[in-house]
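Asker: Structure incoming, see below.
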Ligand code: NAD
Ligand code: LMR
């Protein structure tokens, strides 16, 4: 039987939108047996550009792509959508932290959560890319009143960045690096956990054998990679962010290979002592279609300190959005 999925993409004419739509339409996000309908949302001033993107999608004649809707109305874009990819938001510029975008972008996510509740499919899920993605997701979740298990934000790009850094340092193929967990916030406080990560099935920390590098240069490189790209390119990451979004939704919709985990920001149920409802990045697995946070990983004193710092930042962001009246 052929499946079909309706995918709403916000900010569809932006940088990430341009890089992701062709990959969704080619089947890379939901697999080769799933047909897709794209429901694309843009601001009114970007509808002209979006029409051009639609023409290009048409010109690819993708066998799995069955319909394209372009609109500036959330109720049209979200109508019966199974997945909402919330990319539409302003990116930061050189010298800014992602949390500086809260005042600019936070206001988008309350109405988005409400529209999701009113118009999307009963099984719909939200995957937030627009920054600061954890707290934007929290705002949407709170506004929607929907079950918290339907809300996700992206640390997939950080996970990929961390895997490549470890592989390059160890001189191994990137496929050798597994169980690379990003804990906490998609921000400069995130904790890429090299103690629980593995290289060739062994502890990455032991294989690399240089804790000074891992505690300092490795963590900082991953935490600040987004800023380094903005500095180099003059624009924030786009193709790699789109790739991460494809991979992140794929990870949520397919069983995880034996022994592997993936990083995903989702509403805490209290795992690892994280406040219930905070959108926090954990190690996850999907087994027989069911998503689980992998429990029982241990942190030494250094790891616990890093974990606490990113948790504290997310609590502060939650308090800020409360003060701003966004939740
Ligand atoms: P962009 O400026 O190129 O595109 C954003 C698009 O969103 C624009 O076309 C704009 O018209 C549209 N838009 C703005 N507000 C909207 C709204 N309310 N409804 C619908 N559309 C709206 O930006 P980009 O480079 O594509 O980045 C998008 C977001 O993704 C930024 O916030 C960026 O910081 C974030 N990002 C997150 C990650 C991550 O790992 N989580 C990675 C890269 C970028
Ligand atoms: C990234 O990590 O590349 C994005 O979140 C963009 C940014 O502002 O860093």
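Computed from the coordinates by the stated procedures, all read-outs in this text should not be read as laboratory data. Worth saying up front: this structure is predicted, and the values here are computed from it rather than measured. In this analysis, Cβ positions are derived from the backbone assuming ideal geometry, glycine residues included, and neighbour counts consider all displayed protein chains.
Asker: Apply the Kirkwood formula to the range 11-100: the hydrodynamic radius equals the inverse of the mean of 1/r over all pairs of different alpha-carbon atoms; give it in Å with one decimal.
Answerer: 13.9 Å
Asker: Counting residues in the range 148-262 as N, plug N into 2.2 N^0.38 Å and put the Cα Rg over that result.
Answerer: After normalising by residue count via 2.2 N^0.38 Å, the value is 1.06.
Asker: At 7 Å along Cα-to-Cβ for each site, give me the label-to-label distance between residue 60 and residue 287 in nm.
Answerer: Rounded to a tenth, the inter-label distance reads 3.5 nm.
Asker: Would you please classify the overall shape of the range 213-327 from the alpha carbon gyration tensor, given that a ≥ b ≥ c denote the square roots of the eigenvalues, rounded means a/c under 1.5, and beyond that prolate means a/b larger than b/c while oblate covers the rest?
Answerer: rounded
Asker: Rounded to the nearest 0.05, what FRET efficiency is calculated for residue 118 and residue 258 with R0 set to 35 Å and r the Cβ-Cβ distance?
Answerer: The formula returns an efficiency of 0.30 here.
Asker: When a/c reaches 1.5 or more, the comparison of a/b and b/c decides; with that in mind, is the range 242-302 rounded, prolate or oblate per its Cα gyration tensor?
Answerer: The shape class here is prolate.
Asker: Report the label-to-label distance for residue 149 and residue 33 in nanometres (one decimal), using points 7 Å from each Cα along the Cα→Cβ vector.
Answerer: Each label point lies 7 Å from its Cα, and together they span 2.3 nm.
Asker: If I take the Cα coordinates of the range 77-130 and project them onto the principal axes, what are the three extents in Å, biggest first?
Answerer: For the range 77-130, the Cα extents along the three principal axes come out at 41, 15, 14 Å.
Asker: Now for a different question. Whole angstrom only: what separates the Cα centroid of the range 1-54 from the Cα centroid of the range 184-227?
Answerer: Between the Cα centres of the range 1-54 and the range 184-227 lies a distance of 33 Å.
Asker: Let me ask something else about it. Taking every eigenvalue of the Cα gyration tensor of the range 1-150, multiplying by 5 and rooting it, what semi-axes result, largest first, whole Å?
Answerer: 24, 19, 13
Asker: Okay, moving on. Helix 15-25 against the longest principal axis of the chain: what's the angle in degrees, Cα atoms only, rounded to the nearest 10?
Answerer: Between the helix axis and the principal axis of the chain, the angle is about 80 degrees.
Asker: Have a look at 233, 23, 92 and tell me which one the Gaussian network model of the chain (Cα, springs below 10 Å) gives the largest fluctuation.
Answerer: Ranking 233, 23, 92 by mean-square fluctuation puts 233 first.
Asker: Still on this structure: Suppose the Debye formula is applied to equal point scatterers at every Cα of the range 104-159; what is log10 I(q)/I(0) at q = 0.23, 0.26, 0.27, 0.29 Å⁻¹?
Answerer: -0.82, -1.01, -1.07, -1.19
Asker: Turning to a different aspect of this structure: Relative to the longest principal axis of the chain, what angle (0 to 90°, nearest 10) does the C-alpha long axis of helix 47-60 take?
Answerer: Roughly 80 degrees between the two axes.
Asker: Comparing 81, 61, 228, which has the greatest mean-square fluctuation in the GNM of the chain with Cα pairs linked when under 10 Å apart?
Answerer: Most flexible of the set in this elastic network: 61.
Asker: Then there is this: Note down, for the chain, the three equivalent ellipsoid semi-axes (square root of 5 times each alpha carbon gyration tensor eigenvalue), biggest first, whole angstrom.
Answerer: Values for the chain, descending: 31, 22, 19 Å.
Asker: Compute the helix-to-body angle for 133-144: its Cα long axis versus the longest principal axis of the chain, expressed 0 to 90° and rounded to tens.
Answerer: 50 degrees
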